[in-house]
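Worksheet for the structure shown next.
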Amino acid sequence: MTSRSAGPEILRLIDLLAKLPGLGPRSARRAALHLLKKPDQLLNPLAAALADAAEKVVACQVCGNFDTVNPCSVCAAPGRDASIICAVEEVADLWAMERSGVFRGRYHVVGGTLSALDGVGPDQLNISTLVARAGAGDVREIILALNATVDGQTTAHYITDRLAHLPVKVTRLAHGVPVGGELDHLDDGTIAAAMASRR
Ligand SMILES: [Zn+2]
């Protein structure tokens, strides 16, 4: 599609859709046309859902999860064990853990991994806030559920060092997480096994 075959509104829609993960320009054009063909079933409800999310969804000031309340519903849930914090790379990993239902503590979203190649240092990640939470009193264990990638494990080492002066146990997910695997792609049983065999 060129600027002669579509108006600027449509081109803008396609450009924005093409920025979504997994969508290139070609699939973005298909998605845009699909939306435009179904205004009542798709385009208008999607526009409303996007506006709603933009207005109401915030990052939790405690753990970094996305929710419409702050602190998020996981942090605020009274039945959860506040003495165990599971550190994950992304919100998607937190949601994967929650889907598996094996963890009843709290979370901390680190927001990525350290990467010399991509210029990501500790200050770009939510590591200082994790150290602060770990030292705040009633926390007794930090589970590092970072991905089994080189950057994920480098980040886990770094966080372990930062926590070394605190009286908290630092554990890692052991078996079950494949090298290069991301929590979000694991089935519930694998997450449960990895959680049970943490060390
Ligand atoms: Zn939270």
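The values are calculated or read from the model by the stated rules, or taken from the named source; none is laboratory data. Because the structure is predicted, anything quoted here is derived from the model rather than measured. Here Cβ is always computed from backbone atoms with ideal geometry, including for glycine, and neighbour counts include all displayed protein chains. The area values use the complete protein model at the heavy-atom level, side chains included, leaving out ligands, DNA and RNA. Shrake-Rupley method; radii C 1.70, N 1.55, O 1.52, S 1.80 Å.
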Does G137 meet the test of being of a type outside the set (S, T, N, Q), part of a loop (DSSP other than H, G, I, E, B), more than 13 Å from the ligand (Cβ to nearest atom) and under 17 Å from C60 (Cα atoms)? no
Subset of the range 9-28, residues open to solvent by less than 80 Å² (accessible area, probe 1.4 Å) and touching an Asp or Glu at 6+ places or on another chain (Cβ under 9 Å), comes to A28
Mind checking which helices (runs of 4 or more DSSP H) fall wholly inside the range 1-67 and carry at least 2 residues that are closer than 27 Å to Y107 by Cα? 44-56
If you go through A6, A31, the only one that is surrounded by 17 or more Cβ atoms within 10 Å (Cβ to Cβ), within 30 Å of D187 (Cβ to Cβ) and over 24 Å from the mean Cα position of the chain (by Cα) is A31
The range 71-94 residues that are without any contact (Cβ under 8 Å) to a residue 60 or more places away in the chain and among the aliphatic types (A, V, I, L, M), paired with ones that are away from the ligand (no atom under 12 Å from the Cβ) and open to solvent by 30 Å² or more (accessible area, probe 1.4 Å) (beta carbon under 8 Å, 6 or more apart): A82/D138; I84/R140
Among the numbered criteria (1) within 26 Å of the chain's Cα centre (by Cα); (2) crowded, with 16+ Cβ neighbours inside 10 Å, which single criterion is violated by A54? (2)
Please count how many residues of the range 71-106 are small (G, A, S), within 14 Å of the ligand (Cβ to nearest atom) and either farther than 22 Å from V168 by Cβ or in a loop (DSSP other than H, G, I, E, B) (or both). 3
Failed condition for S128, given (1) open to solvent by less than 40 Å² (accessible area, probe 1.4 Å); (2) of a type in the set (G, A, S); (3) within 15 Å of R162 (Cβ to Cβ): (1)
